[in-house]
Structures are given as structure tokens and as C-alpha cells.
Amino acid sequence: MEDLVTIAKIAKTRGLRGELVADLLTDFPERFDNLKKVFAVKPSGETLELEIEKFWFQKARIILKFAGFDSIEAAENLRDCEVCVSEAEAVELEADEFFDWQLAECAVETIDGKILGKVSELMRTGGTEILVVKGAEKDYLIPFAETICVEVDIENKLIKIDAPEGLLEF
């Protein structure tokens, strides 16, 4: 199976005709305009290929209707699934932009060579995103800003930071 990129996560069913409410996990909701097929990855790891019959946006979520899922009972089988596309179908980013999944598990070290840990999560705060770095002894919250994250090497899964005074003390 090719590598998949998660673009939404199914939260619950909606109505009686097999519609599903999903949380968007993409910065590019317009990508759904030309999307015909997606993969649903169940929490168990089982993967299904699904055809999008229709979709629309409601508030900050997307409502999805998949072909062959025509009842609330059928749709219930997709609850908690991740909605994914193949990595080849991922939106092309600028050179200094990254997908969350690319940053996950990157080692984080200071410019002095002190290893802090690995990225476990990217928190969206409405401003600068925050890297949650799980260290051996403690966790760190590192703003994902160019002035702090001075080198991001996705290929080698390494982020070098120039931490301002006090950032690592909490």
C-alpha cells in the first residue's frame, strides 16, 4: 500500500442517508472539489477505498457522502476513520512549508547539539504553530517560527533550533 496523507477524520454520522461529519485536517479544503476517491483508514488499520458521492462544508467541518453507504447503519462503520489520499495526490507546498505528518517524529536539537526529543504533535494556536517535543525527561513547546527553527531537514527527520533565553526552562 502506498503512503497515505490524512486530510480529514470522521467524527459522527449525520441524518439517515449515510452522511458523515468529518473534521478537516488540511489547510486546503478546496482539494475536495476535484477529489473522486479517497481511502478510509479504520482505527484497526484496515483500509477501504471509497468513492465520494457528494460533499459540502458546514461551519468548520465537511459533510461527506460515500457511494454504497446509504444508511446510518452503514455509515456508522466509518466512524473514527481517517480520510486519506495517496502521498502522490498531496498538495504541493512551497520550499519552506511542511505537512504535519512530515514533522512528526523529527528529532529536535539546539544549535549547540543538545538533543531535546522528537516532535509528537503540531499544535495550531491561531498564530504561530507550536511543536510539542517529547523529551526523555520533559516535554518542550517550541514555536515553529523561522527565527527559532533555523533548520528543518525533512529527509533526515531533524529540526535544529536557536532557542531564545528562557524558552527551554519551563
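Read the figures in this text as sums done on the coordinates, not as results from a lab. Keep in mind that this is a model prediction, so the values were computed, not measured. Glycine gets a Cβ as well: all are built from the backbone with ideal geometry, and neighbour counts include every protein chain shown.
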(request) For ILE154 and LYS36, calculate 0.36 nm times their separation in residues minus their Cα-Cα distance, and state this gained length in nm to one decimal. (result) 39.5 nm
(request) Could you rank the peptides 99-110, 121-132 by their average count of other C-beta atoms within 10 Å per residue, with the highest value first? (result) 99-110, 121-132
(message) Using each residue's phi in region 54-61, evaluate 6.51 cos²θ - 1.76 cosθ + 1.60 at θ = phi - 60° and report the 3J(HN,Hα) Karplus result to the nearest Hz, with x for Gly and Pro.
(response) 6, 7, 7, 9, 9, 6, 9, 10
(request) Excluding LEU16 itself, calculate the net charge of residues whose Cβ lies under 14 Å from the Cβ of LEU16, where each Lys or Arg counts +1 and each Asp or Glu counts -1. (result) 0
(message) Give me, ordered by chain and number, the residues 5 or more places off PHE66 or on other chains with an amide H under 5 Å from its own placed amide H.
(response) GLU53
(request) Report, ordered by chain and residue number, the lysines lying within cross-link reach of LYS65, taken as a straight Cα distance under 26 Å and ignoring same-chain residues fewer than 8 apart. (result) LYS9, LYS12, LYS36, LYS37, LYS42, LYS54
(message) Tell me the mean residue ellipticity at 222 nm calculated for the chain from its helices only (DSSP H runs of n ≥ 4, each -39500 (n - 2.57), averaged over every residue, nearest 500).
(response) -1000 deg cm²/dmol
(request) At a temperature of 25 °C and a viscosity of 0.890 mPa s, determine how fast the chain diffuses translationally according to Stokes-Einstein, using the Kirkwood radius over alpha-carbon pairs as Rh; express D in µm²/s, rounded to the nearest whole number. (result) 138 µm²/s
(request) Please arrange LYS59, LYS160 by counting, for each residue, the other beta carbons lying within 10 Å of its beta carbon, fewest first. (result) LYS59, LYS160
